[in-house]
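These notes are about the structure you will find just below.
The values are calculated or read from the model by the stated rules, or taken from the named source; none is laboratory data. A quick note: this is a predicted structure, and the numbers were derived from the prediction, not measured. Ideal geometry is used to build each Cβ from the backbone, glycine not excepted, and the neighbour counts take in all protein chains shown.
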Amino acid sequence: MDFPLLFEAKCEPSLLPQTRVHKLREQPFSNATLWVKREDEAGFAVAGGKLRKYASLLPALQKRGIREVAVIGNEAGNNVAGLAQFLTEWGIQATFFLKKSHAKFSGNRFLLQLLQDQSRLIYPDPKTEWPQIESIEAAWKAENPLEREVIPEGAACTEALAGACTLYSDIQRNEAELGLQFDHIFLDSGTGFTAAANILHHSLAPKAQIQVVLLAGKAGDFELQLENCAKDWENEFHFPAPVPTHFSAKFAETARSFGSVNQAVLDQIRHTARTEGILLDPIYSAKLFLQAQKEIARENLQGNILLVHSGGGVSLLGCKL
C-alpha cells in the first residue's frame, strides 16, 4: 500500500505544504551535521505542523456535514488561533472552550480575540469545570449530534491523522532532493499527536532514530497518545497500525512546565536569530533546539541530524529578550 498517496488523498491539496530543509550555519559537533526543517515558513499565523492536520481535518468535517465545532485548548495556543482562522474560512461556526492564559494580551491570545466574538469564547472554571470538560463537550455535542463535533486540544483526532502523517512524507522528499538520509530526527511534542503520527508512518520502514522532546503532560501521556494514534490509524486507514520502533521520548530539561520561559530559552532564541536568521518560538522550537544539543553531546549522536522547526512564531510577540 502506498501510504503517502493514501494520506494525501484524504487532504485538501492546497493546504499541504512542501517545506525546505537546509544546513545550519553553526555546526558545533565534529561527528554530526545539523539540519533544520522549516515548517515555520509555511505560514505567518499557522505553520506547517498545524496546516498538515487541518488539511485532512477540514475536508472530513465538511464531508460529514458538520456545521459547528467546539474547540478545546489554551487561549494562547497555536492550535486555537489557527483553527479560529480556518474554521471561519470554511464556513464552520466555532465555540471555544478555553483554559485561561496568564500570558500577556499579545500573540495568539490577541489573534483569537481579533478573530472571534467574545460570546464564542467560554472559560470553564479551572477547578470545578475543567476536570469535567469531557462531560461538558458531550452535553454540547448531544444538543445537535449530526451537525456538531468536538475538536480536542491540539486537534488530536482521527480526522487530522492523515494530514499529520504527511510531515514524514515531506522529510522523505527532502532526503531525495538532498541526496542524503537523516540518522536522527528531533520532533517537539505538545499533545504528542503529530509526533506519534509520524512515528507510526516512519515505522513502516524505519531508518532514522526519532527523538521526541516532550514539552507538556506527565510521564505516560505520550505512550497513551501513541496507543490512541495506533487505534486511529486502524479506524482511518483500515490497515493494521505498524509497531512503533526507532524512537525515544524525553522531557525537556529546560523550562520544564508547558509555556514556561526562562533565560536559557530566551538566550537560545536570540542566539539562533543572530547566528542563523531563524526565529524560534519560546514554547516549542527554542526548547527543541536546546534539548537536541544536550542529547547530541550526551549521547554522542552522529551523522545527519534534522531539527523540525514546527513554527509558532506568533508566540514571540510580547516576549522580552
Inset, instruction - Tally the residues that are assigned to a helix (DSSP H, G or I) and over 28 Å from Val265 (Cβ atoms), restricting the search to segment 203-228. - result: 2
Legend entry - segment 82-138, residues that are within 16 Å of Arg148 (Cα to Cα) and either among the charged types (D, E, K, R) or out of contact with any strand residue (DSSP E or B) (no Cβ under 9 Å at 6 or more places or on another chain) (or both): Trp90, Gly91, Arg120, Glu134, Ser135, Glu137
Legend entry - Test: residue in segment 239-249 that is closer than 23 Å to Ala32 by Cβ, crowded, with 20+ Cβ neighbours inside 10 Å, aliphatic (A, V, I, L, M) and out of contact with any helix residue (DSSP H, G or I) (no Cβ under 7 Å at 6 or more places or on another chain): no
Inset, instruction - Those residues that are at negative phi and out of contact with any Gly (no Cβ under 8 Å at 6 or more places or on another chain), I need them from segment 84-96; list them, please. - result: Ala84, Gln85, Phe86, Leu87, Thr88, Glu89, Trp90, Ile92, Gln93, Ala94, Thr95
Inset, instruction - Select from segment 177-202 the residues that are aliphatic (A, V, I, L, M) and outside any loop (DSSP other than H, G, I, E, B) and list them in ascending order. - result: Leu178, Ile185, Leu187, Ala195, Ala196, Ala197, Ile199, Leu200
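Here's the yes/no breakdown for (1) under 21 Å from Leu57 (Cα atoms); (2) more than 20 Å from the chain's Cα centre (by Cα); (3) at pLDDT below 95:
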| site | (1), (2), (3) |
| --- | --- |
| Ala81 | yes, no, yes |
| Trp90 | yes, yes, no |
| Gln93 | yes, yes, no |
| Gln118 | no, yes, yes |
| Pro126 | no, yes, yes |
| Gln132 | no, yes, yes |
Inset, instruction - Check Ala155 against each of (1) in contact with a Phe, Trp or Tyr (Cβ under 9 Å, 6 or more places away or on another chain); (2) on the phi < 0 side of the Ramachandran plot and name the one condition it does not meet. - result: (2)
Inset, instruction - Using the structure shown, decide if Asp170 is among the charged types (D, E, K, R) and part of a strand (DSSP E or B). - result: no
Inset, instruction - Just need a number here: residues in segment 148-174 that are out of contact with any strand residue (DSSP E or B) (no Cβ under 6 Å at 6 or more places or on another chain) and farther than 18 Å from Asp2 by Cα. - result: 7
Inset, instruction - Please determine, by comparing only the residues of segment 193-208 that are of a type outside the set (A, V, I, L, M, F, W, C) and in contact (Cβ under 8 Å) with a residue 40 or more places away in the chain, which one is farthest from Pro244 (Cα to Cα). - result: Thr194
Legend entry - Considering residues of segment 181-211 that are over 14 Å from Lys250 (Cα atoms) and of a type in the set (A, V, I, L, M, F, W, C) only, the residue surrounded by the most Cβ atoms within 10 Å (Cβ to Cβ): Ala197
Inset, instruction - Mind listing just one residue for me: the one in segment 302-320 that is buried (at least 17 other Cβ atoms within 10 Å of the Cβ) and of a type in the set (S, T, N, Q) and, of those, modelled with the highest pLDDT? - result: Asn304
Legend entry - Number of the condition not met by Lys231 [criteria: (1) at pLDDT 95 or above; (2) buried (at least 23 other Cβ atoms within 10 Å of the Cβ)]: (2)
Legend entry - Identity of the residue in segment 1-44, in contact with an Asp or Glu (Cβ under 7 Å, 6 or more places away or on another chain) and either aliphatic (A, V, I, L, M) or farther than 22 Å from Ile278 by Cα (or both), that ends up surrounded by the most Cβ atoms within 10 Å (Cβ to Cβ): Leu16
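Give segment 270-318 a look and list any residue that's aromatic (Phe, Trp, Tyr) and in a loop (DSSP other than H, G, I, E, B), or say none.
Tyr284
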Legend entry - Any pair with Cβ under 7 angstrom, 6 or more apart, that starts in segment 290-309 at a residue that is under 17 Å from Leu280 (Cβ atoms) and ends at one that is acidic (Asp, Glu): Gln291/Glu253; Lys294/Glu253; Ile305/Asp183; Val308/Glu39; His309/Glu39; His309/Asp40
Inset, instruction - Scan Val69, Val80 and give me the residue that is in a helix (DSSP H, G or I) and within 30 Å of Ser260 (Cα to Cα). - result: Val80
Inset, instruction - Filter segment 45-64 down to residues that are touching a residue at least 12 places away in the same chain (Cβ under 8 Å) and over 26 Å from Leu279 (Cβ atoms) and give me whichever is surrounded by the most Cβ atoms within 10 Å (Cβ to Cβ). - result: Leu57
